Amino acid sequence: MTTSPNPTTGVGVPTSAPKTEGPRITLEHEEHAGRERAPMDVIVRTEDLDVYYGDFWAVRKVTMDVARNQITALIGPSGCGKSTVLRCFNRMNDLIPTARVEGHVTYHGQDLYAKNVDPVEVRRQVGMVFQRPNPFPKTIFENVAYGPKVSGVKYSKNDLDDLVVDALKGAALWEEVKAEYKTKSGLALSGGQQQRLCIARAIATEPEIILMDEPCSALDPIATALIEDLMQDLVQKYTVIIVTHNMQQAARVSDRTAFFTANLDDRGQRFGELVEYDYTSKLFSNPDDSRTEDYISGRFG
Ligand code: ADP
């Protein structure tokens, strides 16, 4: 059964320390949550969201609000629909011919799927970083300048250079590449640097939201830690929604966590659903649903 998100009501503010270990599960998060007893500042909302791939009803009746300038993690076992839901937030599912989205996704209260909404503009405002870093075979500069160049806005050479440098700084890559960012290929960077380059490319178009689909799954622990630190900087300016199969990562980095699982319907068809959505510290320490408890304690999935 899909549950209503507690964060909208402020109910469930954590009272005890979370069980999960991780350097950033601290009072800081709980205080953060405590400040949020007031109504949540919702930037994007889904209501009864259904996604089909052809006849396959993959994700059912997902209702959740995403808070501005926070990190929201989507967790759950493989195949429960996390990436599918993530792609609804910037209409990336439009690019999958068999995919069909029903229900509502609203961004600043506007229907993201309305006929007059340009999906390209949506993807500028809601950027995305993928599991495998995917720089273009071009210089670091060209990788970051690409979005602004195709946006239709005319930038002077200096303005474009400033924008690229700011984006590289914003993605914590500048210090490592400043000597050769105009000549070195993005493909010549390490995996972790390439992922930060992709983040720089996403923020160069000045989005409001950054979607991250398992951004660290191809990275080593040091590169992962750098990206996790970077997320804490990014969230000062952007809203971050991250899919991760790594529960510790969700617990370390996010303010709120949505736990999805796969279920079987009356006809034996598998589908993904949102089980529980709450403050991360609450969900990991005192979940409401036994399926969440089983998952976070490693008894399932
Ligand atoms: P998760 O991100 O939780 O691993 P996904 O969103 O990738 O889950 O997948 C949810 C379900 O939708 C799975 O059953 C998966 O096989 C199916 N699915 C995902 N992408 C496609 C696609 N392009 N075409 C058909 N089925 C898909």
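Summary of computed values
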| item | result |
| --- | --- |
| Selected from 184, 157, 169 as most flexible by GNM, with the chain as the system and alpha-carbon contacts under 10 Å | 157 |
| Gain in span if fully extended, residue 104 to residue 289, counting 0.36 nm per residue against the direct Cα distance | 64.1 nm |
| Region 254-269 - phi-based ³J(HN,Hα) in whole Hz, Karplus 6.51/-1.76/1.60, Gly and Pro as x | 9, 8, 10, 10, 10, 9, 10, 9, 9, 10, 10, 8, 4, 8, x, 7 |
| Order of 205, 261 - criterion: other Cβ atoms within 10 Å of each residue's Cβ, fewest first | 205, 261 |
| Charge tally in the Cβ shell below 10 Å around residue 263, where Lys, Arg are +1 and Asp, Glu are -1, residue 263 excluded | +1 |
| Percentage relative contact order, the chain, counting C-alpha pairs under 8 Å, at least six apart | 29 |
| Eligible lysines near residue 138 by straight Cα distance, threshold 25 Å, same-chain separation 8 or greater | 149, 154, 157, 169, 178, 182, 184 |
| Equivalent-ellipsoid semi-axes of region 6-296, from the Cα gyration tensor, Å, largest first | 31, 23, 18 |
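Computed from the coordinates by the stated procedures, all read-outs in this text should not be read as laboratory data. This structure is a prediction, so every number in the text was calculated from the model and none was measured. As a convention, Cβ positions derive from the backbone with ideal geometry for all residues, glycine included, and neighbour counts pool all protein chains shown.
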